[in-house]
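The values are calculated or read from the model by the stated rules, or taken from the named source; none is laboratory data. Source: prediction; values computed, not measured. Note that we place each Cβ from the backbone using ideal geometry, even for glycine, and neighbour counts take in every protein chain shown. Each accessible area value is taken on the protein alone, full model and side chains, heavy atoms only, with ligands, DNA and RNA left out. Shrake-Rupley method; radii C 1.70, N 1.55, O 1.52, S 1.80 Å.
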Amino acid sequence: GAYVDQQIFGPGDRTVQGPRLDSTQALSSREGAPIARVYGRARVAGEIIWATRFQEVKSTEETGGKGSGGGSTTVENYAYFANFAIGVCEGPIGRIGRIWADGKLLDQMQFTIRTYTGTPWQQPDSLIEAKQGMGNAPTFRNLAYVVFDNFPLEQFGNRIPQIAVEVLRPTGRLEKLVSGVNMIPGATEFGYDTERVTEDLGNGITRTLNVHQTTNWTDFGASLADLVATCPNLKQIALVVAWFGDDLRASHCQLRPGVEVRNRVLDQGEDWSVAGFTRSTAHLVSSNNGNPAYGGTPSDDSVLRAINLIKSYGLKVCIHPFIMMDVPAFANLPDPQGAGDQAPYPWRGRVTCHPAPGRSAFAGLQVGAFAGSVDASAITIANGRISHEGVGENSFRRLMLHYMRLAQLAGGVDMFMIGSEMRGLTTVQSAHGYFPFVQALVRLSHEAKAILGPSCFVTYGADWSEYFGYHPQDGSGDVFFHLDPLWASASIDGIGIDNYMPLSDWRDDDTDDLSAHGPNDPKNLKALMAAGEGFDWYYPSLSHRNAKQRVSITDGK
């Protein structure tokens, strides 16, 4: 019948209206609901403290029409969006973390969400002020709250869902004492990036490399926000950035930035690049049990963005260029100490001349090969990048000078480490009482000051086992304070020592006098600090830990 009608009377157009709210839903919250107080970390259900009417957005879609044998059909669809604020708890708090909507985790990167920690000086939200008018917007001071801006309601049945949020408020004594933190891992291609990086796996499949949580941050941004919230008196962060050495023999060791895989296609984000190395020319980290033994070197772009984010919190920044030794098992490389082959994944402090220890011109040449001879003027800033044009060595100087320039490109940093724990090199003599690697560090300290300015704090992190001097085991009885020329350098601002002490080895059932007052007893901790014991052991398993059965730390552990 419809077909006959169309042939007699002609085709007609019609409009079909999709589901539409017939009235604006009322928003309500519990009158007189108490404002929660949070201590530590807790999940809190919020209360609506401000909202606007739903925003209705109409879209049309046409079907049929010319060539279809009939009239066209226009379908009108309606979508709804809400602006609202959720009061959470009494402030000030450290931060708000995860958010749940109707019991399901919300991917905050998909929405416009702003959080307020409830300080006495917080200002009105920009959206609330725009809707209420200048001077009419409440500041909700001393109340932690969350604002949802133009929040889509379709997946929640066109209503505002029940919102719960994760609240972090530091309460412990230790958290308030922390003023500086080393930021690791130093080996992560994009782990320091503040922008999302997505890998294209082919066939329309992608994988996000640096977002593994649901807050409106990359992993680095979320971790930094959590750290700042947990440690309210934090003042400085040392950003550890690793390159890879491939041999314990100083004259053979090549220091290069590394990548986890040789081929990686990015769907989103900037390609990996460090010091002029690309993914195809960088060191490919070895495989261990079928997986990369390390993460890759952080890309230069990610380090720059990480520095800027740290600075945005008002924190000081230290750059710590770091060496990881990528010597896999069965590499068949001779050990400088004469122990057969080099142990897998050794400590960088074991890099030395071959054979060790050596006291000759040849030892000096080997140390010189590791330190390198590239001039600081050969590594420059060009077009927002660090240029290594014509630099043909993969040396310690290249590593350090690159990050001096990167720090300069970032607008400067507050502290720079010119290396750490190179014990096997700082103790090598090329002549009696002359330590060439120490002199190489002195030269680098002068260059760090020249590039980063006199206000940048420059130091070297000596290993705890060498701070008391070098005692050669050659029967001479000599004692050399070999680091004194470095510590006395006009460009060194402080003596740095990486020190690991077993301050507490307390158990719940311990009853001996030393541990009777618990693991946090200040008197006992001070006594153990001065006990003279070096932290060169660990527990490989829970059974070892329970039995206090200590095992010496060796290469490969």
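Rundown of residues vs (1) within 30 Å of H446 (Cα to Cα); (2) modelled with pLDDT under 85; (3) not basic (K, R), yes/no style:
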residue: L486; (1), (2), (3): yes, no, yes
residue: I497; (1), (2), (3): yes, no, yes
residue: D505; (1), (2), (3): no, yes, yes
residue: A516; (1), (2), (3): no, yes, yes
residue: E533; (1), (2), (3): no, yes, yes
residue: K548; (1), (2), (3): no, yes, no
Going through region 107-121 in order, the residues found to be at pLDDT 90 or above and assigned to a loop (DSSP other than H, G, I, E, B) are F111, T117, G118, T119, P120, W121
Of everything in region 472-499, what is assigned to a loop (DSSP other than H, G, I, E, B) and either of a type in the set (D, E, K, R) or buried (at least 16 other Cβ atoms within 10 Å of the Cβ) (or both)? Give them in sequence order.
D474, D478, H482, L483, S489, S491, I492, D493
Of the residues T74, T60, which is of a type in the set (V, I, T), modelled with pLDDT of 75 or more, outside any loop (DSSP other than H, G, I, E, B) and open to solvent by 60 Å² or more (accessible area, probe 1.4 Å)?
T60
Return the pairs, sorted by first residue and then second, in which the second residue is among the charged types (D, E, K, R) and open to solvent by less than 20 Å² (accessible area, probe 1.4 Å), the first residue lies in region 137-166 and is touching a residue at least 24 places away in the same chain (Cβ under 8 Å) and more than 13 Å from L106 (Cα to Cα), the beta carbons are less than 8 Å apart, and the residues are 6+ apart or on different chains.
V147/D125
Only one of S312, S286, S302 is closer than 22 Å to V413 by Cβ, open to solvent by less than 30 Å² (accessible area, probe 1.4 Å) and out of contact with any Gly (no Cβ under 6 Å at 6 or more places or on another chain), namely S302
Hits in region 261-315 - residues which are under 24 Å from A382 (Cα atoms), among the polar types (S, T, N, Q) and under 19 Å from the mean Cα position of the chain (by Cα)
S273, T297, S299, S302, N308
Are there any pairs, at least 6 apart or on different chains, whose C-beta atoms fall under 9 Å, with the first in region 328-349 and free of Cβ contacts under 8 Å to residues at least 24 places away in the same chain and the second among the basic types (K, R) and surrounded by 14 or more Cβ atoms within 10 Å (Cβ to Cβ), and if so, which?
Q337/R350
Identify the residue in region 107-121 that is open to solvent by 60 Å² or more (accessible area, probe 1.4 Å) and of a type in the set (S, T, N, Q) and, among all such residues, is nearest to T215 (Cα to Cα).
Q110
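Limited to region 457-484, what total is found for residues that are among the β-branched types (V, I, T) and either modelled with pLDDT of 95 or more or touching a Cys at 6+ places or on another chain (Cβ under 6 Å) (or both)?
Here the count works out to 2.
Check region 336-359 and report whether any residue there is among the aliphatic types (A, V, I, L, M) and over 30 Å from the mean Cα position of the chain (by Cα). So that I can check it myself, show each step before the final result.
To start, the set of residues in region 336-359 that are among the aliphatic types (A, V, I, L, M) comprises 339, 343, 351, 356.
Checking which are over 30 Å from the mean Cα position of the chain (by Cα) leaves us with 339, 356.
Yes.
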Looking at this structure, is H402 crowded, with 21+ Cβ neighbours inside 10 Å, touching a residue at least 12 places away in the same chain (Cβ under 8 Å), part of a helix (DSSP H, G or I) and of a type outside the set (A, V, I, L, M, F, W, C)?
yes
Only one of (1) more than 23 Å from A36 (Cβ to Cβ); (2) touching a Cys at 6+ places or on another chain (Cβ under 9 Å); (3) small (G, A, S) fails for A144. Which number is that?
(1)
Need the failing condition index for T206 against (1) open to solvent by 20 Å² or more (accessible area, probe 1.4 Å); (2) closer than 23 Å to L304 by Cα, just the number.
(2)
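Give the residues of region 408-424 that are touching a strand residue (DSSP E or B) at 6+ places or on another chain (Cβ under 6 Å) and surrounded by 18 or more Cβ atoms within 10 Å (Cβ to Cβ), sorted by residue number.
V413, D414, M415, F416, M417, I418, G419, S420, E421, R423, G424
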Looking only at region 431-453, count every residue that is surrounded by fewer than 22 Cβ atoms within 10 Å (Cβ to Cβ) and assigned to a loop (DSSP other than H, G, I, E, B) and tell me the total.
3
So, in region 209-236, of the ones that are more than 20 Å from V165 (Cβ to Cβ) and open to solvent by 60 Å² or more (accessible area, probe 1.4 Å), which residue ends up farthest from the chain's Cα centre (by Cα)?
N233
